[in-house]
Structures are given as structure tokens and as C-alpha cells.
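> So that we are looking at the same thing, I have put the structure below in C-alpha cells.
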Amino acid sequence: MASENQAAADECVRIRGARMHNLQNIDIDIPRDRLVVITGPSGSGKSSLAFDTLYAEGQRQYIESLSTYARQFLHQLERPDVDLIEGLQPTISIDQRAGSHNPRSTVATVTEIYDYLRLLYARLGQPRCHQCGEPIHQQSPENILDSLMELNRGTRVMILAPLVRGRKGEHKDVFNSIRKAGLLRARVDGEVIDVDDPPELAPRKTHDIEAVVDRVVVRDGARGRIAESVNLAIRHGDGLVLATHEEKRAGKTQWRDRLFSTLYACPNCGISFEELEPRTFSFNSPYGACPECEGLGSRVAFDPELVVPEWGLSISGGAVAPWRGDSPAALRKHQKLLQPFLAKAGIDRSTPLEKLSPKRRERFLHGSGKQFAGVLAMLEKEYTATSSEPKRQRLETFRDEIPCLECGGARLRGEARSVRFGGKAIHEVAAMSVSAAREFFSAIIEDFQGLGASAPSEADKETGGQGDKETRRQGDKETGRQGDKETGRQGDKGKTDDLTSPSLLVSLSPCLPVSSSFTPDPFFTANQWPIARPILGEISARLDFLRRVGLGYLTLDRPAGTLSGGELQRVRLAAGMGSGLVGACYVLDEPSIGLHARDNQRLIDALRELQSRGNTVVVVEHDERIMRRADWLVDLGPGAGRHGGRVVARGTPEEIAACQTSLTGRYLAGVERIRLPDRRRRVAKTRSIVIEGATTNNLKDVIVSVPLSALVCVTGVSGSGKSSLVDETLARALVRRLGGVGPKPGPHRSLRGAAQIDKVVRIDQSPIGRTPRSNPATYTGLFDEVRKVFANTRDARQRGYKAGRFSFNVKGGRCEECQGQGQRRIEMNFLPDLYVGCPVCEGKRFNHQTLEIRYRDRSIADVLDMQVEEAAEFFENFPVIARLVRGLREVGLGYMALGQPSNTLSGGEAQRVKLAAELSRVDTGRTLYILDEPTTGLHFDDVRKLLAVLDRLVELGNTVLVIEHNLDVIKTADWIIDLGPEGGEEGGQVVAAGTPEEIASLDDNHTGRFLRPLLSADGHTV
């Protein structure tokens, strides 16, 4: 019996007495090696269980297993508030934390694809001179000798030592040095002369001078003489040898020059190159980064398109936008600086700039040497020199992030950009989408196989693709298993090049389509295959993982900071799949965010693959399809905050659906559901905002009409161009049209209908603050009103306390021991940093005198600890506070504490705090609200509450534009704009626009296909 209990314990993770945050001392067993979904209403404790308990304990146990010496270099984790966790595997977190703020982080670096690309180009890349494009070969004297001996027998050859190559001067010293070397002849500008009687050279013309080392006829017995002459030429020519030989062409005998170099240098330009290493291609290393932009690929400067938006204007007519409205004195100063350019160009201030030639336009912007610095340089100097903050802010609106002029955004120095593999430079490969790169490398593998490199043999298949030991050792050496010096990484010691894995066998298959962008490299040889095989295998496998999680549209050089939370999480998931770990516990936070229903199955398959390898996959999720495909569901609740933190139900999806006490189960069973609106609002085409000719990113010159006073959903598969259209083009253009300041909108021809709205409110998932001092109360302005309440109490008036006394951000009322933080961090060297309550204020943030002021027996610190629901009752007699609190309750945040630090809020919670702040403001009914996936982190029932809020905004006459994948939101919209048909280059088109019923009636529409069953279930005819 004891052995059976032990076996059962080994098959699950046993958690006893979990009390993190709002968890109510729960006990739960989570099956191991299964796909487990934790769900429940927002704020019910899902993340507290999955991340703050399960993952945190796994990390802590791992760190505790290390030596004390190693632990001092690691970030230590505090033990979660739990009595016991048994059977826990090593844990890996793949969450939706904000993307890296490091602009150097890209999709390729996060997935380690770029590491393998650098290695590939360092080992097999063909370097070319970045000035003349000449291939660069490093040849030994023996190689040079072999090349000459391959000439036809009887061929006359002259072996020369290059001394002057394209340099001006008389070069008399060169002829003297040739005589001193004991040589009798030289070739000057192609003509052989006697060095005792050198010609007079024109000093202002360029010349070529080579010393004649030997004249010889190629024959079997001449090898020794030719070898001696080659070595002599190398010594005198500083590593260069020029051999000119007879060659018959069209019946005529001609002399052909062949230049050889024993150096890693361009024989034409004389530019020396270092030996190719992985660091040569790293934009994080000074050895590879572009020296101009330091590897960033861009810089913040004055944007020419913003500085001169209309070339049809003249200088006096305001062509230079930043100078419009300047004082007469400033304009005279500009005129004086412009005068040299205007005089040389032969134009005056009233001449339209469009009459300038393209070359002079370039000089007008960027200058032409010392005489004229250029308008952009003048503005840059004015920007740095001004001491007026308003002027600086005005000039700031004309600055933007522009590509580096030196590298064109490639991030690398010229030497790295000139190396080719398969006809492509490394930055050109990085600019490909995942799908295009996969085809490119598949074609390269096929090209290698065409040279005789065999596919995986039966012996390889039997041994798991290990191959013979010698080849394996060579592959390990070439793939840099000893680690990357400049990044300090230890390599991938546990990885194997498993060529029997399904993904890699597919990538090696010659049946795959050959990319049209692939150019067969003439330098491929069959003996390079042992080097290329493990590297190409790793690259192909990772590209395949990215494609399988629905990210085939992403480019490899896409900055990680521009990815959405869901995209970044799936990139990390692909990286985790590529690691090949077994026996681990993966913890994921809503990986379905940003994923169209069409691509959901790909995500499920990826999670299943992780699980089938012997891993436990724990997912915090609200998506119905993922719930139904899980092995085990854990439903927390029944409510949020103090009303949650309990296990409502656990079991298979079928068992949860049969549980009547589970809110999630009732939605899964169809007892509860989000119903369609009783009527859809009429859409008037005359009342709409129309944007024409949008070409941002992958948009294909689209024309989009957004009807006003309606709930409008922009849908489409991942990467179809939704954010490019709404966030980067439409929203930015409207902000600027309405007189606001913001980033430059994406390219478009025209924008009509903006006069029908008076405000644009963008509500995204970015944090509401950068420090723990920021919280929902401070962001919404509620805390300002609360401080006024305390300042108006009798005790506060008697002591002369103003509202500022009750702020923890300023001196006076806060506790100075902890400076209003409420806690202190104590560094414990190799133990976890210890956070303890401030011994003076005991975590209350304020000093004793401030805490003595009470309203209805509550101090200001007590109010910050209140939940929104409690605050609604406590301040019901204060209309302003009641309105602000009501907004937080309406968006489903009644469980949240007013003073909860902003850095502990999820992206969805931050977005709803912003929405609540907007709800509390008085609007004119002419506002356009733009939301990006507001259902992030929301349970079915929370989505229903959110829809009620959005519906109320529309009923007031406002317009709500939502980027959304949630079908419950899409089906309740008044109008749908569907982009596609696919992602990336195959997307960017408006494939459909209309009511949900009209979209669902389309047979070839991805959104309509999944929308159709939902509409039919509610009795709507499609």
C-alpha cells in the first residue's frame, strides 16, 4: 500500500498549504508529464499558483542545489509562502513579460538562430572586398605554385612583384629599390622597361609599377625555379604576386594578368581583412558592429521627411517645417547660413525646392563640405544649443528614428556585410521572414546534396543521427561548443544534432520548394558538408519551430521590443522547443495571446510536442480550445481577490464541464455564454474615417473605411497587418491631424473624416508606471481626491496639513527611513536579497504624525490597502471618488488594491486600469477609442463585463476600434475589417469588410469560418 502511494506521489506535483497573495491555503496535486491548464476569473490566483508558487519554488530549489560560491552570482528568489511542494521538476518560465528594452535583441538572437548564422558565415562564408566586390582568397606559396603549374606546357610566364598600384607620383625611389634588389627590369603601366633607364613619369597621373622577378616557360622541370621566383616576388611585393602569361584568344596571343595574395587582403584595393570569426558578424561586439551606429542600425535624428514635408514650397514659403513661425532675427540667421548654397545653386528664397536636382536636394539636406553644413546639421546644432525647453520640445517633433546612413540599418561594419553565403550576406538573411529563410536554407541543403553530400544514412538513423565519432568531434569543434567569448555563453553542451527528428528530416528533404532568392554559391564543395551539416540542422530546426507556433511571418531581424506579449512568448516557446530539454516543467502565461483561431491548432501541437518529450506543461489560459485539449484543468475562484484563491474544480475538461459550481465549467458546457446583441447598429458610410494608400510594413496600398459611432473590430491571422494599419498608421495620423504630438505615421496617401472626431484615446498594454510608487490610485487620479479628503479632516486642518502631506512621493508626510517605499532591501550576498518591512513605519510608507490623521477610523495607509470594492462603499458620499472607483469596478478590477504597485500588474490589468481612467472622464461623444486585444487575461465572464463597458461607450456616440482575435468580441461587433489572407508578405490586404454575418458567409475567409458556428449557435442565419 505504501509503495502504491509513493508511485502516485511520483506521478504528480504535490502542493500543500499554498498562501501566496490571495491563495487560501490550498492543497492540490498537479499531474506530471501532462498538459495542465490553470484557469479562472481574473484575479482568482492563477498566476500566484503557477508562477509565484510553482515556478518560484522550482527556481529556488535549483539555485539551492548550487554551491555557495555560484549562488553569489545569481539573482536569489525568496521562498514562496507554501508548506510543502513535492515531486517538482526543474521549472522553466515562458511568460508574457514585456519585451527586452535592449534594442540589440531580435527574433534571431532570442532563438539563438543568429549565433548559428554567425558561425556559418565565419566557417563557410566567402569574403569579398566591401569596396570593389573582388573575392578575397588567402593562398599559400604552394597554392600559387600549383595554380601556375596548371597552365599549359610551353606557356610563357612573367612573374612580377607589385610595388606601386594606382598611385600618383614620379616614383624614382621605387626604381632605385628595384636596382638595389638586383633586378634588371620592371613593368611600368603595362610596358616592360630597363630599370637603369626608367621613364619620366607624370607626377599627377596614377601609375602601376611591378618589378620583373623572372621570365620562365612552364614545363615539367621548371617547378623548382618557379617556386623560388614566387617566393622572391612575395618578399618584394609584401605578400602579393602578379603572374602574367600568354593566352590565345580568337587566334591572337594576349597576355593575361593573375594577381595572387598570401595575405587576407583585397589584391585590388590593398585593404587587409582579419580572419573571419563569429564575432566578425556580431553587432554586439566592436569587432563586427557598424562604427557609425554602434550596431543599433538606426539613430534618433531629424527626419528629412518631417523637416521638408513638401518640396513644392520655397524656403520663404515655409518649406523647412521647423523654421515656420520663427522670429525675424532667427530667419535672418538661417538666411545667412543658407546663402552659400543658394548662391551656388542659382536659386533664391522664393524658388520652389522641387526645381532642385536630386543631387542638390541631397546637398540641401546633408550639406556639401565646409561651405554649407546642410539643413539637418543646422537643426541638430540648434537643438543641442537651445536652452528653451518649449523650443526643444517643438524641435523634438521633427526627430525620429532613422536608418543609419553608413550601414543602411544592417548594424554591421562593411567587412561583415560583404561576406556571402549562398549568394546572400548575413544581414540579408536576417531581413528574411521565418518562412522565406526556411526555404532559403532548404535550398542550400539541397545544393550541398547535389554536390555529393549524402542525406542521413541508415547508420545515422540507428544511432540517433550521431554519425561517426570523428565527424561528430569535427562538427562540435566547428559549432563552437566551447562557448562564445564575447557573450560569455557556455555553448550547448547538451545538444545533439539529431538528424532523425521529424522537423529536421523535413528541412533536409530535397522535395521542399527551392527559394527563388537562393543563388547557388560557386564556392560550395562537398567536403564542406561535415562543417555545414550540424549548423544548418540547428538553424533549420529553429526556423521550423517558429513556423509551427504561427510566427512564419516575423522577420529574423525584428527587434524583440516591438513584439507583442503573445508573439514574444511564442518566440521563447520556440527557443525552448529547440533546446530539446526532457523532464522539465514549463510554465506558460496565455501563449494564445495575439493568435488567430486558425493558428490555435499549431500552438496546441507545439505544447503537445513539449509534453510528449516527457515534460510537464502548465499553462495559465482562458482560450476555450486549449482548455478542451488539455489533459487536466484546474479552475480557481470562485471570484477575484479575497473572493478567490480557492480550487473550485479540478479534473478533465469533461469533468469540469459537468461541474455546476464552476463558472468556467458552465461556459464550457454552454449553460453560460456571451450572447449576441439584440440589434446591430446601423453603419453609415457617410460617417466614417477613410485612410487611403497605407503601405506601412506589409500593407499593400490598402484603403480602409472605419465607420463612426460603432464597435469596429480589425481581425485577421497573425502578421496580416492589423497593428501596422491601426497603431502605426491610422492612430498616429489622427493624433497629428488633431494637433497632437506623436511618432511619425506610416506612409499613406490621404486621410479623410478626421474632423468628425475631437479626440483619439489609445489604450494599450504598456505599464502604467515604471516604479512601484505608481499604482491604480495614482494613475487614475483617485489618490489626489483621497488626499484632499484627509486634508479636510478636522485634525489635519488643526495641524496645518495640506494634501501634499499625504503623498508618499514627497518629503514631509512620508517615512524618511524608507522614503515612502514601505520596505527595505537587504543584500544577503549568496543568500536571497531580503525585503523587510520598514522598522519605523512598519510598511505603511508614512510617518507617525501623518498616520494619526484618520477619516472614519482609517488612515491614509489603510485606504491604499483597500480593495476597489471596499473603497466603493467607503467613499460613496464623494462623487468624484465614487466615479473613479466605479470605473475600476466596471472593467472587472474590483479585486485590486488601490495601492497595488504597477510593476505587479499584468498587461491586461494595466490596459483595464487605463480604460477605467478614460471611463471616469467626461467625453463629448466624439472620441475614438483604440484598443489592442483588451481581452488579454480575461475569463469568459470578464469578457462579458468588458463588452458591456465598450457598448456603453458606443451608446454615448463614441467609436471603439478594437484589434482582436477573441471570437466572442468579434461576433458582437457592429462592423469587421478583416486583413489577410495570410501573414507577412502574403498579407497586408483588406480581404473583407462588413457585419459579422456577412463575414461568416464567406467560404474562403479564415475569420468567417470560425465565426460561423458561434452565430449559428445563437440562432443567427449566416
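The values are calculated or read from the model by the stated rules, or taken from the named source; none is laboratory data. Just so you know, these numbers come straight off a predicted model, no measurement behind them. Counting neighbours? That spans all protein chains shown, and the Cβs are built from the backbone with ideal geometry, glycine included. Surface accessibility is based on the protein's heavy atoms, side chains included, excluding ligands, DNA and RNA. Shrake-Rupley method; radii C 1.70, N 1.55, O 1.52, S 1.80 Å.
> What is the residue count in the range 112-138 for residues that are open to solvent by 50 Å² or more (accessible area, probe 1.4 Å) and either within 30 Å of residue 245 (Cα to Cα) or of a type in the set (Gly, Ala, Ser) (or both)? Reasoning before the result, please.
Keep residues of the range 112-138 that are open to solvent by 50 Å² or more (accessible area, probe 1.4 Å), which gives 123, 128, 130-132, 134, 137-138.
Cutting the leftovers down to either within 30 Å of residue 245 (Cα to Cα) or of a type in the set (Gly, Ala, Ser) (or both) gives us 128, 130-132, 134, 137-138.
Residues that pass the stated criteria total 7.
> Please go through the range 898-934 and pick out each residue that is among the hydrophobic types (A, V, I, L, M, F, W, C) and open to solvent by 10 Å² or more (accessible area, probe 1.4 Å).
So the first thing to find is which residues in the range 898-934 are among the hydrophobic types (A, V, I, L, M, F, W, C), and the list is 898, 905, 910, 913, 915-917, 919, 922, 928, 930-931.
Matches in the range 898-934: 905, 919, 922.
> Still on this structure: Taking the stated definitions as given, is residue 146 part of a helix (DSSP H, G or I), under 52 Å from the mean Cα position of the chain (by Cα) and either at pLDDT 85 or above or surrounded by fewer than 17 Cβ atoms within 10 Å (Cβ to Cβ) (or both)? Don't jump to the end; show me each part of the working.
Details: part of a helix (DSSP H, G or I): yes; under 52 Å from the mean Cα position of the chain (by Cα): yes; either at pLDDT 85 or above or surrounded by fewer than 17 Cβ atoms within 10 Å (Cβ to Cβ) (or both): yes.
For residue 146, the condition - part of a helix (DSSP H, G or I), under 52 Å from the mean Cα position of the chain (by Cα) and either at pLDDT 85 or above or surrounded by fewer than 17 Cβ atoms within 10 Å (Cβ to Cβ) (or both) - is met.
> Please state which one of 737, 732 is touching a helix residue (DSSP H, G or I) at 6+ places or on another chain (Cβ under 8 Å) and either under 25 Å from residue 908 (Cα atoms) or open to solvent by 20 Å² or more (accessible area, probe 1.4 Å) (or both).
Working: 732 fails: touching a helix residue (DSSP H, G or I) at 6+ places or on another chain (Cβ under 8 Å).
So the residue among 737, 732 that is touching a helix residue (DSSP H, G or I) at 6+ places or on another chain (Cβ under 8 Å) and either under 25 Å from residue 908 (Cα atoms) or open to solvent by 20 Å² or more (accessible area, probe 1.4 Å) (or both) is 737.
> Further question on the same structure: Could you please find all residues in the range 149-167 being within 14 Å of residue 237 (Cα to Cα) and open to solvent by less than 30 Å² (accessible area, probe 1.4 Å)?
As a first pass, look at the range 149-167 and keep what is within 14 Å of residue 237 (Cα to Cα): 159-165.
Across the range 149-167, the qualifying residues are 159, 160, 161, 162, 164.
> Let me ask something additional. Scan the range 352-371 residue by residue and report those that are modelled with pLDDT of 80 or more, in a loop (DSSP other than H, G, I, E, B) and over 14 Å from residue 308 (Cβ atoms). Working first, answer last.
Initially, the range 352-371 is screened for residues modelled with pLDDT of 80 or more, giving 352-367.
Filter again for in a loop (DSSP other than H, G, I, E, B), leaving 356-357, 367.
Within the range 352-371, 357, 367 meet the criteria.
> If you go through the range 588-625 one residue at a time, how many are touching a strand residue (DSSP E or B) at 6+ places or on another chain (Cβ under 8 Å), surrounded by fewer than 24 Cβ atoms within 10 Å (Cβ to Cβ) and farther than 16 Å from residue 93 by Cα?
2
> Does residue 193 satisfy being open to solvent by less than 60 Å² (accessible area, probe 1.4 Å), farther than 18 Å from residue 259 by Cβ, at pLDDT 90 or above and assigned to a strand (DSSP E or B)? Step through it out loud before you land on a result.
On the way: open to solvent by less than 60 Å² (accessible area, probe 1.4 Å): yes; farther than 18 Å from residue 259 by Cβ: yes; at pLDDT 90 or above: yes; assigned to a strand (DSSP E or B): yes.
Considered against the rule, which asks whether it is open to solvent by less than 60 Å² (accessible area, probe 1.4 Å), farther than 18 Å from residue 259 by Cβ, at pLDDT 90 or above and assigned to a strand (DSSP E or B), residue 193 comes out as yes.
> Could you please find all residues in the range 706-723 being open to solvent by 10 Å² or more (accessible area, probe 1.4 Å) and within 22 Å of the chain's Cα centre (by Cα)?
719, 722, 723 - these are the residues of the range 706-723 that are open to solvent by 10 Å² or more (accessible area, probe 1.4 Å) and within 22 Å of the chain's Cα centre (by Cα).
> Looking only at residues that are in contact with a strand residue (DSSP E or B) (Cβ under 6 Å, 6 or more places away or on another chain) and open to solvent by 20 Å² or more (accessible area, probe 1.4 Å) in the range 965-1001, which one is farthest from residue 436 (Cα to Cα)?
Result: 975.
> Residues in the range 585-606 that are modelled with pLDDT under 90 and over 16 Å from residue 718 (Cα atoms): how many?
Qualifying residue count, the range 585-606: 3.
> Let me ask something additional. So which residues in the range 337-351 are farther than 25 Å from residue 393 by Cα and assigned to a helix (DSSP H, G or I)? Walk me through it before giving the result.
Going residue by residue through the range 337-351, those that are farther than 25 Å from residue 393 by Cα are 339-351.
Those that are farther than 25 Å from residue 393 by Cα and assigned to a helix (DSSP H, G or I): 339, 340, 341, 342, 343, 344, 345.
> Here is a follow-up. Of all residues in the range 421-458 being charged (D, E, K, R), at pLDDT 90 or above and more than 18 Å from the chain's Cα centre (by Cα), which is most open to solvent (accessible area, probe 1.4 Å)? Step through it out loud before you land on a result.
Quick first cut of the range 421-458, residues charged (D, E, K, R) only: 424, 428, 438-439, 446-447, 458.
Keeping just the survivors that are at pLDDT 90 or above gives 424, 428, 438-439.
Next, only the ones that are more than 18 Å from the chain's Cα centre (by Cα) stay: 424, 438-439.
Details: 424: 47, 438: 34, 439: 75 Å².
That would be 439.
> Another question, then. Cβ-Cβ under 7 Å, sequence separation 6+ or interchain: first residue in the range 169-185 and small (Gly, Ala, Ser), partner loosely packed, with under 11 Cβ neighbours inside 10 Å. Which pairs?
169/203
> Given 503, 517, 579, which one is modelled with pLDDT under 85, within 30 Å of residue 937 (Cβ to Cβ) and hydroxyl-bearing (Ser, Thr, Tyr)?
Values: 503 fails: within 30 Å of residue 937 (Cβ to Cβ); 517 fails: within 30 Å of residue 937 (Cβ to Cβ).
Of the residues listed, the single one that is modelled with pLDDT under 85, within 30 Å of residue 937 (Cβ to Cβ) and hydroxyl-bearing (Ser, Thr, Tyr) is 579.
> Of all residues being outside any loop (DSSP other than H, G, I, E, B) and aliphatic (A, V, I, L, M) in the range 935-954, which is surrounded by the most Cβ atoms within 10 Å (Cβ to Cβ)? Just the residue, please.
Of the residues in the range 935-954, the ones outside any loop (DSSP other than H, G, I, E, B) are 940-954.
So of that shortlist, the ones also aliphatic (A, V, I, L, M) come out as 943, 946-950, 953-954.
Numbers: 943: 21, 946: 24, 947: 21, 948: 11, 949: 19, 950: 21, 953: 20, 954: 18.
The residue in question is 946.
> Please list, ordered by first then second residue, the pairs with beta carbon atoms under 8 Å, 6 or more apart or interchain, first in the range 339-355 and of a type in the set (Phe, Trp, Tyr), second surrounded by 14 or more Cβ atoms within 10 Å (Cβ to Cβ).
The qualifying pairs are 341/363; 341/364; 341/368; 341/372.
> Can you name the helices (runs of 4 or more DSSP H) wholly within the range 843-893 that have at least 1 residues being touching a residue at least 40 places away in the same chain (Cβ under 8 Å), of a type in the set (Asp, Glu) and within 27 Å of residue 939 (Cβ to Cβ)?
On the way: elements: 848-851, 860-865, 868-874, 879-890.
Answer list for the range 843-893: 868-874, 879-890.
> A further question follows. Taking residue 957 and the conditions (1) in contact (Cβ under 8 Å) with a residue 12 or more places away in the chain; (2) open to solvent by 10 Å² or more (accessible area, probe 1.4 Å); (3) under 26 Å from residue 566 (Cα atoms), which numbered condition does it fall short on, given that it satisfies the others?
For residue 957, the exception is condition (3).
> Still on this structure, I have one more. State which residue is nearest to residue 163 (Cα to Cα) when the search covers only the range 196-235 and only residues that are open to solvent by 50 Å² or more (accessible area, probe 1.4 Å) and in contact with a Pro (Cβ under 9 Å, 6 or more places away or on another chain).
Among residues in the range 196-235 that are open to solvent by 50 Å² or more (accessible area, probe 1.4 Å) and in contact with a Pro (Cβ under 9 Å, 6 or more places away or on another chain), the one nearest to residue 163 (Cα to Cα) is 208.
> With respect to residue 631, is the statement that it is surrounded by fewer than 24 Cβ atoms within 10 Å (Cβ to Cβ), at pLDDT 90 or above, touching a Lys or Arg at 6+ places or on another chain (Cβ under 8 Å) and not β-branched (Val, Ile, Thr) true? Please lay out each step first, then the result.
Working: surrounded by fewer than 24 Cβ atoms within 10 Å (Cβ to Cβ): yes; at pLDDT 90 or above: yes; touching a Lys or Arg at 6+ places or on another chain (Cβ under 8 Å): yes; not β-branched (Val, Ile, Thr): yes.
Yes: the conditions hold for residue 631.
> Go through the range 31-54 and count every residue that is surrounded by 24 or more Cβ atoms within 10 Å (Cβ to Cβ) and on the phi > 0 side of the Ramachandran plot.
3
> Select from the range 288-326 the residues that are within 30 Å of residue 129 (Cα to Cα), in a loop (DSSP other than H, G, I, E, B) and in contact (Cβ under 8 Å) with a residue 60 or more places away in the chain and list them in ascending order.
288, 290, 291, 292, 293, 295, 296, 297 - these are the residues of the range 288-326 that are within 30 Å of residue 129 (Cα to Cα), in a loop (DSSP other than H, G, I, E, B) and in contact (Cβ under 8 Å) with a residue 60 or more places away in the chain.
> Something else: Can you name every residue in the range 400-409 that is surrounded by fewer than 24 Cβ atoms within 10 Å (Cβ to Cβ) and on the phi < 0 side of the Ramachandran plot? I'd like the intermediate steps shown before the answer.
Step one: of the range 400-409, the residues surrounded by fewer than 24 Cβ atoms within 10 Å (Cβ to Cβ) are 400-406, 408-409.
Residues satisfying the conditions are 400, 401, 402, 403, 404, 405, 406.
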